[in-house]
Amino acid sequence: MSFSSLGLSAPILAALEKSGYTQPTPIQAQAIPAILEGEDVMAAAQTGTGKTAGFTLPLLERLHQGTTARSNQVRALILTPTRELAAQVSESVSTYGQGLGLKSTVVFGGVKINPQMMKLRAGADILVATPGRLLDLYQQNAVRFDQLEVLILDEADRMLDMGFIHDIKRILKVLPKKRQNLLFSATFSQEIRSLARGLVHNPVEISVSPRNTTAEKVEQSVYLVEKKQKPALLVHLLVENNWGQTLIFTKTKHGANKLTRYLEEGGFKAAAIHGNKSQAARTKALAGFKDKRIQLLVATDIAARGLDIDLLPQVVNYELPNVAEDYVHRIGRTGRAGASGQAISLVAGDEGKLLKAIEKLIKQEIPRQQAEGFKPPVMEDQPGNPRPSGKKPPANGKKRRPARRRNPAGGNDKPRAAATAKS
Ligand code: AMP
């Protein structure tokens, strides 16, 4: 199948050729015709499947045929959970839309609002936004939706995880009732389905990767290692395997900072990216990583969500995520759009349960590996293994109540929703 057979016009086809795309990906082959027809769409697609072009291309095609946006008006609104994703989607809009003469703009929090108000004054055919900043702009009369034709929710599952549901509902209330709705989400949980009920009408449902399966081309492995040996093992693996650009996930912001300092002291070019960093620092770290001035990007889940970094060969889970689905998102950073990749997890004695939950979710056992000179830890939850406290089970055969761990998250982050700075 070719892009031209999908009904896209010449300037868009030229932009695709320039990007080097020869064939639509499965999500594009299914979503483009449905969106061009004006249908509502509900698509289960992870990042890396080409979903951004899947909604951007037909959107550009449709908008290009209509009248342009008036002052402060918006014709298509794309909502994304994070600032980085907003910037990335906006870049795609500009790339694929070159030569069409449409106006597009991106707004997100963490940067000055005034320049965004100025830009919106001219109107935007396409506005890419994070929910919090969009509401601020709306309340200040900087943006109007009378001309709105299409609403797109990108990474809807993550928006809910990040606590944006109320913002989304407030935004939906001020949009015109008659519009096309496109909902993209990596997974379709009950919450997403209930959001969808009030949003999409008779949607075309598209699913390109079955729920919670990991990217096929990603080679996964686990190193069981004592917690205190993790920094040394990471450096050992980086050096032994000669890894280049590597994205490293930690569970907490504090953990990300600490590991980044350790790697820098070891002579690596590393940077951290997480919610406590200013937008300027996040943008700088990401740009440095993309253009290879920085070799190691240490990230928490929320900051890294949806990042599209070309041909990233290596992802390391320095700590496993608390939420098993995040593992799937994390390793989705590699092996993107057909490229192969490697995802390695360093698992300490107290992470056995998290590992089990991940393996249950992805329905496969991740192969174990051992690095020379690094001892596997005692796994806390294996039957027969001594408990780390050294306490024996009671002799009377009664089960001991599980010991309460003071901080099960093992870090200093607040609960998920509260920890997330709204943009
Ligand atoms: P996404 O899932 O939208 O984040 O896209 C993942 C990556 O695939 C991006 O780097 C896109 O540039 C790339 N991509 C999207 N569509 C195609 C295509 N048809 N052929 C090759 N690469 C593509």
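Along the charge dipole of the stretch 3-207, Cβ charges K/R +1 and D/E -1, which of M42, T25, P131 sits furthest on the positive end?
Checking the options against the dipole of the stretch 3-207, the answer is P131.
Report the FRET efficiency, 1/(1 + (r/R0)^6), for N114 and L175, where r is their Cβ-Cβ distance and R0 is 30 Å, rounded to 0.05. The partial results should precede the final answer.
Numbers: r = 25 Å, r/R0 = 0.82.
It comes to 0.75.
Give the long-range amide H neighbours of F249: residues separated by 5 or more places, or on another chain, with amide H under 5 Å away, using H modelled in the peptide plane at 1.01 Å from N.
Long-range HN contacts for F249: A299, V316, N317, Y318, E319.
For Q139 and K375, calculate 0.36 nm times their separation in residues minus their Cα-Cα distance, and state this gained length in nm to one decimal. Mind dumping the intermediate values first?
Working: separation 236, 0.36 × 236 = 84.96 nm, distance 5.75 nm.
Separation in residues times 0.36 nm, less the Cα-Cα distance, equals 79.2 nm.
Find the relative contact order for the stretch 3-207 and round it to a whole percent, using C-alpha pairs within less than 8 Å whose residues are 6+ positions apart.
Numbers: 371 pairs, mean separation 57.8, N = 205.
Computed over the stretch 3-207, the figure is 28 percent.
Compare the Cα positions of H254, Q364, Q229 along the charge dipole of the stretch 218-369 (+1 at Cβ of Lys, Arg; -1 at Cβ of Asp, Glu; about the Cα centre) and return the one farthest towards the positive end.
Value: H254.
Using a cut-off of under 20 Å, list every residue of the stretch 249-278 whose amide N is near the label point 7 Å from the Cα of A232 along the Cα-to-beta-carbon line.
Those under the cut-off are 258-268.
Could you calculate the contour length gain from E37 to E264, that is, 0.36 nm times the residue separation minus the distance between their Cα atoms, to one decimal place in nm? Could you put the intermediate results ahead of the total?
Details: separation 227, 0.36 × 227 = 81.72 nm, distance 5.23 nm.
Full-extension gain reported as 76.5 nm.
Would you mind calculating the relative contact order of the stretch 218-369 from Cα pairs under 8 angstrom and at least 6 residues apart, reporting the percent as a whole number? If you can, show how the numbers build up before the last one.
On the way: 276 pairs, mean separation 52.7, N = 152.
Relative contact order comes out at 35 percent.
Can you tell me the order of 150-158, 58-66 when each peptide is scored by its average per-residue count of other Cβ atoms within 10 angstrom, highest first?
Details: 150-158: 25.1, 58-66: 19.9.
The most tightly packed comes first, giving 150-158, 58-66.
What percentages, rounded to whole numbers, describe P(r) for the stretch 3-207 computed over all alpha carbon pairs with 5 Å bin width beginning at zero?
Percent of Cα pairs in each bin: 1, 8, 17, 21, 22, 16, 10, 4, 0.
For K284 and E191, FRET efficiency with R0 = 22 Å and r from the beta-carbon atoms, rounded to 0.05? Don't skip to the answer; put the middle values down first.
Numbers: r = 34 Å, r/R0 = 1.56.
So, using R0 = 22 Å, E works out to roughly 0.05.
Distance cut-off 18 Å, Cα to Cα: go down the list K230/K258; K103/K284; K227/K363; K119/K277; K112/K169 and report the pairs above it.
Values: K230/K258 12 Å; K103/K284 26 Å; K227/K363 26 Å; K119/K277 26 Å; K112/K169 25 Å.
From K230/K258; K103/K284; K227/K363; K119/K277; K112/K169, over 18 Å: K103/K284; K227/K363; K119/K277; K112/K169.
A short reminder: the numbers here are calculations on the coordinates, not readings from a lab. Note that the structure is predicted; figures quoted are calculated from it, not measured. Using ideal geometry, Cβ is built from the backbone for each residue, glycine included, and neighbour counts are taken over all protein chains shown.
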